[in-house]
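Everything below concerns the one structure shown next.
The values are calculated or read from the model by the stated rules, or taken from the named source; none is laboratory data. Quick caveat: nothing in here was measured; it's all calculated off a predicted structure. Here the Cβ positions follow ideal geometry from the backbone for every residue, glycine too, while neighbour counts run over all protein chains shown. Just the protein is used for accessible areas: all its heavy atoms, side chains included, with ligands, DNA and RNA removed. Shrake-Rupley method; radii C 1.70, N 1.55, O 1.52, S 1.80 Å.
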Amino acid sequence: MTIPSSDVRRALERYYLEIASIILARQNPATGLIPASVAITTHGDYRDAWVRDNVYSIFAVWGLALAYRRIDDDDGRGYELEHATIKTMRGLLSAMMRQADKVELFKNTQAVHHALHAKYNTQTGGTVVGDHEWGHLQLDATSIFLLALAQMTASGLRLIYTMDEVQFVQNLVFYIERAYRTPDYGVWERGNKVNHGQPELNSSSIGMAVAALQAINGINLFGARGGPSSVIHVLPDELTRNATTLQSALPRESASKEIDAALLAVISFPAFAVHDPQLVARTRNEIVKKLGGNYGFKRFLRDGHQTVLEDTTRLHYDPSELKVFEGVESEWPLFYTYMILDGLFRDDFDQVREYRRKLDPLLVDSARIPKFNRERIAHASHPSSMTRSPSVTKQTLPPAHMRLVPELFIVPRQLVEAEKAQPGSQERVPNENVPLVWAQSLYILGNLIYDDLLSPAELDPLGRRIAASRRKSHSEVVVQVVLLSEDEELQEKLMKFGLDTQTVQNCAPVTISPPSALRDAYTALGENPKLKLTGRPKRPIGTLSTCKLYRCQGRLYAFTPHFMDKEEFYLVSDNDYLVSLFEQELSFVRNHWFSTGRPTMVVMLTREMLGGLRGAEQKSQGWRTRSAHSSKRNLLNFMMSLRSGNVGGVRTRLGRLGDMINTACIESLDFLVSAENSDYEDWATLLKGEETCLEASRLSYSEHDTEETSKERIHSAGSLPRRRIRRRGSMDLMNPKSPLASPWYTDEPLLSDSFMLHDHVDHDQRPAMGLVEEQPIRVHSPIRGLATNLFEDKQTDGAVTTDGEPARTDGESEKDSAQSGTPPEVLTLTLNDPDRVDEAIQLLERSANLYDQIDLLHYLQSCQGLDYYIKNLGTISSLLEEVYVKAMHLRQWSIVRQAAGLLKKVVNSLTINVADLLIRQRPVTVGFGTEETFITSPMNPGALKELIYQHCASDVREAPLVQEVLTYLGSFIRGNPHMFEGIMRIRTHFFIIAMREEISRLKGCNEEEAVEHLMQLSPYEMKSVLGQVLAAHDNCNAPDAAPGLSSVARWKHLGHVQVQGTESTSLRLSNIGANLPTELAISVQSAGFAAGNFAKIEVKRDGAIQAIRGALGRGLNVAVLDPLDGTVLERVSFDTHISKEESEDFAKLVEWLEPGMIVVVAAMDDATDHLTDTALSACERLGSAQVRNVKYRDSWCIIGEKGAEKGSVPESHRSADKGPTDVLTRDIDLGQRRKSILNHGGTTSNATAMTLLLPSQGRWLRRRKNDGALNRVPPDFYPKVWNVLSRTEGIVVGKQFLPSNPTVYEKTAEELNFALQVESLLDVIRDPAERQVAAECLMVISRIGERNPEIQLRKGRLDLMSIIRDAIETFWNQWVKEHASSQQPSVQASQQTDKEGTGEIPNLVQQVMSPLQPPLMSRTSGRSLSGLSVNTNVGEGRLNSSTALYANLECTPAQQAGLLSQPSSATFTNFPSLPAQSGTNNVGNDWSFERNERIARRLFFDLPQDAISSTTSSSFAGSETDSALGSMSTTSSTVHEIGGTMEFLAGSCVKLLCDVKLGGGF
């Protein structure tokens, strides 16, 4: 409905008078600043000008000015209002520009004391409070100023006059662009809600920064008449990082505030910072639900500000004081005005009417306020000779009966208790600050829109309110990819593989530059010598920025992506990791590209990526050491897959750069050239970037020796005798509490051919050269022995060997060496002892082994430092860099990590990844024990590097590994945040422990070997293991999950293909702990070039198709399957058409596979042109009888098995002109295979078989171990613990006590800080599985209370460990009762048979039963001996392998009461021995819980949470085990219903905590 113009004018006039009397009357005529109020109360002096309040206050003035544009304004009201707005905004700008030095400091440091002030003197614009006297760091205040500046400029106001001001505003962009990682004091100026001056990451600040960056980007501050120099620029990567951070944090406000009403300004007017409608609605609903009241919204829960209970004489609250404010928090009608505006902008008129109705009775009549009472003001006026006419005087009076918005409403002191008893029942009164100008301004804006005098579009000229609907769909984004070769030779080589690339010279007229050139160019942006501003800090340029083409002075430039820059630590030297990073970046660009044109990614392929140091004709030393070739092939295959047009769901276009220009996004850099204050003249040279060259090599290098040493290190990690170099832990290397046992500190004397202290020569040349046997080396420290919290070693006063023996003197060593026949002369090098520096240098000059070089350099560095100069070689630092580079080429990752640790290298993106974890409310810890330190807020790179290297000094490789872990976790939480559900804190030590346990499980090795395997993993493999650990929780829940290596994409060579140098052991299941499949169906078909040119491989487990990653290519396409569970362990293609090297690699793969592995091979196009005799023989070892008949471009495929007889496996061959092969199929009964292995020994280890016989086949044990190590808890765990804690005096875990008071009084149920406190309590439980059971126990107690509210817990402390122990004992007694007697006959029979010497190997089911007999522990030299009571023909070593069933079980000291007194390390390896009572009756044996507690715990921890059924014969394995093992014939089939952990815990809880009996459905 159209309002008559006369009515519009009258309405506008009424609003003008209100604004003039409430806002403009307070505006300082000189500075234009507006005081927050004229009040001086016990809560502060409100006469100062707050930046935030000024912007909000002037919004109403600006809005009314926009409304006046609709009419012919003869009175000049619109002009007056516009310039009043300009005056305030420029007053704020002037006040901030006086602190330009702070902007310059803060944009580089993000330090609290470098922040701009958030309030100024209204009269002068100067500062009013010192830097350290108030919480000035309020990023939302600076952000809302920039947001208003952008919106007002877009509306036509001219706020900026000079280039100095433009450049200052550009620096304000740099000031706030790291809001996502900068803790501040927030909108309420207090930081943590306890008000103790601790800043924290606030979503409201980040959200306002997001809005400001989005709004100001591309705004010309001079308006339509401005040039390119007056445009403000925001790099898209910084903007995106803030936006994604906000998305992940909402609806939580901060660590101490689970929700905050200030977020209304973020999700609605004025920010509109969130584009996900569901997240907006969720946040709004959370605010209304938790903070809503009858008089407004609470700011946040337990807000004591201005309540009658607040002690105004203190700035901070006491720890337990916050509980006092619960239920009587002040309520602010300000937030009703936000809700009204939100409804108006969303056209939700029901919401508008609701909150207008709620707000109306809260408004105060201006007649009740003396300063706004017309009669009082008029009476106080005294005419003089200077007085104006009466008519004019009348107009200066405020309007009658204005509706004023109070600041807040409080509960009177006499009504506090009644309000607490019944929230919302008592009448509140407003405080004396009426009106709150900020609230009054928003109220007037809402009325202007409601009265149809102003539209939302006029208040939002940039259209932020509708930005979500204009965002591009992911399907619309096509990423253009241009592949470049570093030279023509590489280009030709890639062309042979069918990959078309360009060289830099072919890209003319486009110049190709590194990302550092763009980074350097942007340093001129915002540079201003007069203000002493240096422009943009030298921060890395992100992928979104490098995906644009740039025009400068008529030339086009393209920049390679930063993630491929070799400055990025050693991670990108691993091509597999680089491929995964490439896929990740493609997805990132697809998800966050909102610029015009298509993103264009220019990728430079180098020789280093595609070959390393090894020449093309040089043979590799084994499947594992051919990782460089495999890595090269994977990178090539990925690059070729880009041609398909779709990579991981991302649409791609691969082509030449010249063809991409027309559709690319092109941005101008001419604004830099025209900058008057720029010092750069030759922009062409700057934008080309600088080239760096490596120094000449100073050290010799032998690939063969290095690889041989690599074998020894892994092989010797868990076996004796050990490798040649004896190192002992040092303060610099090993700490008794380190998670990283360094297994290459060993005792074996040096082998004759282990060192080559000269340039590389082959071993067969050495006798001719007259070389003598090398001198052995020992490196040790006089400070500490090699002892960790994982491995049991005795510590002496001197150096200690790994087997617990005191270090011998040189004399003793020589004597013993002479007796043993080892070389008598041993060079002992002690870290930090410079006595043998000269001898070490002599060895270094002749050494050609990277392991020896890094060991010697490590010793020299500990004695002389990195800057020490070695004659003819260089500084130790430069030599370490050389070893570092060589090791990267050879993919010797343990050496790489050691060198990186010595050089103290740091990942460039480390701070970003740590910040990504922190901003998603995941605090980080590094170190262990007393060295563990918390990272709760983002840090600058220098400080973060120092902290990590200081607290991760136990092993020189630990600090680089921690950086890797944090980098991978940052990547995971950005791409798959659901993987972190239930994890409140990232404790890197425990993540490494979990990774070690995962490798130990997969490899079937001990912890020491697992650590060495871990250190040898490539970055991609390391990331895969970490992903495996994180995904274990979800995989356990999936019925068909196989949380083995195949569940992680592109997993290579960890648990399945034997690492060179290790003994070829038996087959192992890749997915122990999963529901094992019983049926495996394999099909394969091949077609040569003329027959269709394809290869198909399909694998089904229990009818479910298994994904086979990677495109099938020319040559031999190979899939390796685990014969016990059907997991696809490896999928790789060998182009045997183009390269003999590929044939040799295929042969090496087959060679290193374990016997029994299933290998599916399908030829495509042609596979015979360079198929060597070695490769043909490898095929025959798979059972092929026809491979030697295959000709050029024939079709051929096979479903082979390592070690099969020729012709015994499915195979098909057809000549090139006969079409494709038939579809070969093979069905395998996996259950029968496992049954055969379990009953007859088979080829698998006893450890694997016994794991299958645990209650859930180890599935729940693995899940609990992983979840416990990662501190993962169930949903709503912490609020439930809060409720439990509120009903008791406190919770006891061991010696740790969490009291109810003051915990529940200080913290709310969903507060992050409370969750961290509970987590710290549970951390005292050392066994991760038991820690998880403790979490389940707390959930059970909560459930009992929820379902039985009438039950009261007994008074006193809640002893959690007593409940768990009682539950385990109850379970054990039930288990023994149901299983013990049924196992006696079979055990006795086997004993009798073996005693006569005529029996066969006993069934492993019987073996796993026999440990239920009472243990008999013995200790010898610090180690326990164990055996089985069954006397069989199996050797001692075979029997001892069964101890793996109980490996890694830990007990706390409290739990060990009544058990054998042992060091913690013994609980990892000890297995209870059994009494040798062959042929005797077991009835008299001790089955007591006290003697079998460790076994009981092991079984209990593998119970599912809910009840399962089991049979006696399957050893409590349940139906899942029966399915996994097949239909095993048994002597008994009695079915038992076994309770889950929840049932046993519930029974113990009721028994120990309550005075009632447990009923059904607790």
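Take the residues of the range 861-870 that are more than 17 Å from ARG836 (Cβ to Cβ) and without any contact (Cβ under 8 Å) to a residue 24 or more places away in the chain: which is surrounded by the most Cβ atoms within 10 Å (Cβ to Cβ)? Checked the range 861-870; the qualifying residue surrounded by the most Cβ atoms within 10 Å (Cβ to Cβ) is TYR869.
Kindly establish whether SER143 is at pLDDT 95 or above and hydroxyl-bearing (Ser, Thr, Tyr). Yes; evaluated as a whole, the condition is true for this residue. Restricted to the range 439-498, the set of helices (runs of 4 or more DSSP H) holding at least 2 residues that are open to solvent by 40 Å² or more (accessible area, probe 1.4 Å) and at pLDDT 85 or above comprises 456-459, 488-496.
Checked against the criteria, VAL1376 counts as among the hydrophobic types (A, V, I, L, M, F, W, C), surrounded by fewer than 17 Cβ atoms within 10 Å (Cβ to Cβ), touching a residue at least 40 places away in the same chain (Cβ under 8 Å) and not in a loop (DSSP other than H, G, I, E, B).
Can you tell me which residue among VAL266, VAL288, VAL308 is at pLDDT 95 or above and open to solvent by 30 Å² or more (accessible area, probe 1.4 Å)?
That would be VAL288, the only listed residue that is at pLDDT 95 or above and open to solvent by 30 Å² or more (accessible area, probe 1.4 Å).
Being on the phi > 0 side of the Ramachandran plot and modelled with pLDDT under 85 is a property that does not hold for GLY1113. Considering the conditions (1) of a type outside the set (Asp, Glu); (2) under 14 Å from ILE666 (Cα atoms); (3) at pLDDT below 90, TRP593 is excluded by exactly one of them, (3). If the condition is being among the hydroxyl-bearing types (Ser, Thr, Tyr) and over 44 Å from the mean Cα position of the chain (by Cα), then the range 412-470 contributes SER425, TYR450, SER455.
The residue that is farthest from GLN1317 (Cα to Cα), among those in the range 922-951 that are open to solvent by less than 50 Å² (accessible area, probe 1.4 Å) and of a type in the set (S, T, N, Q), is SER937.
Within the range 932-949, residues that are more than 24 Å from SER1320 (Cβ to Cβ) and touching a residue at least 40 places away in the same chain (Cβ under 8 Å) have Cβ atoms under 8 Å from residues that are among the polar types (S, T, N, Q) and outside any loop (DSSP other than H, G, I, E, B) in these pairs: ASN940/THR109; ASN940/THR911, counting only partners at least 6 apart in sequence or on another chain. Restricting VAL837, VAL883, VAL896, VAL914 to residues that are under 30 Å from LEU201 (Cα atoms) and open to solvent by less than 10 Å² (accessible area, probe 1.4 Å) narrows the list to VAL914.
The residue list VAL324, VAL288, VAL234 contains one member that is among the aliphatic types (A, V, I, L, M) and part of a loop (DSSP other than H, G, I, E, B), which is VAL234.
Just checking, does the range 614-623 include any residue being more than 27 Å from VAL234 (Cβ to Cβ), buried (at least 21 other Cβ atoms within 10 Å of the Cβ) and either touching a helix residue (DSSP H, G or I) at 6+ places or on another chain (Cβ under 7 Å) or at pLDDT 65 or above (or both)?
Looking only at the range 614-623, we keep the residues that are more than 27 Å from VAL234 (Cβ to Cβ), and these are 614-623.
Retained after the next criterion (residues that are buried (at least 21 other Cβ atoms within 10 Å of the Cβ)): 623.
Next, from what is left, pick out any that are either touching a helix residue (DSSP H, G or I) at 6+ places or on another chain (Cβ under 7 Å) or at pLDDT 65 or above (or both): 623.
Checking the range 614-623: at least one residue is more than 27 Å from VAL234 (Cβ to Cβ), buried (at least 21 other Cβ atoms within 10 Å of the Cβ) and either touching a helix residue (DSSP H, G or I) at 6+ places or on another chain (Cβ under 7 Å) or at pLDDT 65 or above (or both).
For the range 1134-1166, the set of residues classified as open to solvent by less than 10 Å² (accessible area, probe 1.4 Å) and not in a helix (DSSP H, G or I) consists of PHE1134, THR1136, LEU1153, GLU1154, MET1157, ILE1158, VAL1159, VAL1160, VAL1161, ALA1162, ALA1163, ASP1166, listed by residue number. Any residue at all in the range 637-656 that's of a type outside the set (D, E, K, R), open to solvent by 20 Å² or more (accessible area, probe 1.4 Å) and at pLDDT 90 or above? Taking every residue of the range 637-656 in turn, at least one turns out to be of a type outside the set (D, E, K, R), open to solvent by 20 Å² or more (accessible area, probe 1.4 Å) and at pLDDT 90 or above.
A Cβ distance below 7 Å, combined with a sequence gap of six or more or placement on separate chains, defines the contacts here; from the range 542-559, residues that are touching a residue at least 40 places away in the same chain (Cβ under 8 Å) and among the charged types (D, E, K, R) reach residues that are assigned to a helix (DSSP H, G or I) and open to solvent by 10 Å² or more (accessible area, probe 1.4 Å) in the pairs ARG555/ALA684.
Can you pull out every residue in the range 568-590 that is of a type in the set (D, E, K, R) and touching a Phe, Trp or Tyr at 6+ places or on another chain (Cβ under 9 Å)?
ASP574, ASP576, GLU583, GLU585
When the range 1259-1298 is filtered for residues that are under 16 Å from MET1361 (Cβ atoms), open to solvent by less than 30 Å² (accessible area, probe 1.4 Å) and assigned to a strand (DSSP E or B), the ones remaining, listed by number, are GLY1290, ILE1291, VAL1292, VAL1293, LEU1298.
State which residue is surrounded by the fewest Cβ atoms within 10 Å (Cβ to Cβ) when the search covers only the range 1004-1019 and only residues that are part of a helix (DSSP H, G or I) and more than 25 Å from the chain's Cα centre (by Cα). Talk me through it step by step, then tell me what you get.
Initially, the range 1004-1019 is screened for residues part of a helix (DSSP H, G or I), giving 1007-1016, 1019.
Next cut, more than 25 Å from the chain's Cα centre (by Cα) only: 1008-1009.
Numbers: GLU1008: 21, GLU1009: 23.
In this case the residue turns out to be GLU1008.
Looking across VAL61, VAL55, one residue alone is out of contact with any Pro (no Cβ under 9 Å at 6 or more places or on another chain), at pLDDT 95 or above, under 19 Å from GLY156 (Cα atoms) and part of a helix (DSSP H, G or I). It is VAL61.
Exactly one residue out of GLY197, GLY191, GLY218 is assigned to a loop (DSSP other than H, G, I, E, B), without any contact (Cβ under 8 Å) to a residue 40 or more places away in the chain and either open to solvent by 10 Å² or more (accessible area, probe 1.4 Å) or within 27 Å of LEU917 (Cα to Cα) (or both), and it is GLY218. Number of residues in the range 311-330 that are open to solvent by less than 10 Å² (accessible area, probe 1.4 Å) and touching a residue at least 40 places away in the same chain (Cβ under 8 Å): the value is 3. Per the conditions (1) at pLDDT 85 or above; (2) open to solvent by 10 Å² or more (accessible area, probe 1.4 Å), the sole criterion not satisfied by LEU961 is (2). Against the numbered list (1) modelled with pLDDT of 90 or more; (2) over 28 Å from ASP347 (Cβ atoms); (3) under 29 Å from the mean Cα position of the chain (by Cα); (4) not in a helix (DSSP H, G or I), LEU301 comes up short only at (3).
Among residues that are of a type outside the set (S, T, N, Q) and buried (at least 16 other Cβ atoms within 10 Å of the Cβ), LEU105 is not included.
I'm trying to understand the selection: among the residues of the range 514-556, which are in a strand (DSSP E or B), modelled with pLDDT of 90 or more and in contact with a helix residue (DSSP H, G or I) (Cβ under 6 Å, 6 or more places away or on another chain)? The answer is ASN528, LEU533.
Among the candidates VAL280, VAL274, which residue alone is assigned to a loop (DSSP other than H, G, I, E, B), under 27 Å from PRO456 (Cα atoms), open to solvent by less than 30 Å² (accessible area, probe 1.4 Å) and touching a residue at least 12 places away in the same chain (Cβ under 8 Å)? Show your work before the answer.
Working: VAL280 fails: assigned to a loop (DSSP other than H, G, I, E, B).
After ruling out the rest, the residue left standing is VAL274.
For the structure I just gave you, tell me whether THR685 is surrounded by 11 or more Cβ atoms within 10 Å (Cβ to Cβ), out of contact with any Cys (no Cβ under 7 Å at 6 or more places or on another chain), closer than 30 Å to GLU583 by Cβ and modelled with pLDDT of 75 or more. When the stated conditions are applied, THR685 does not pass them.
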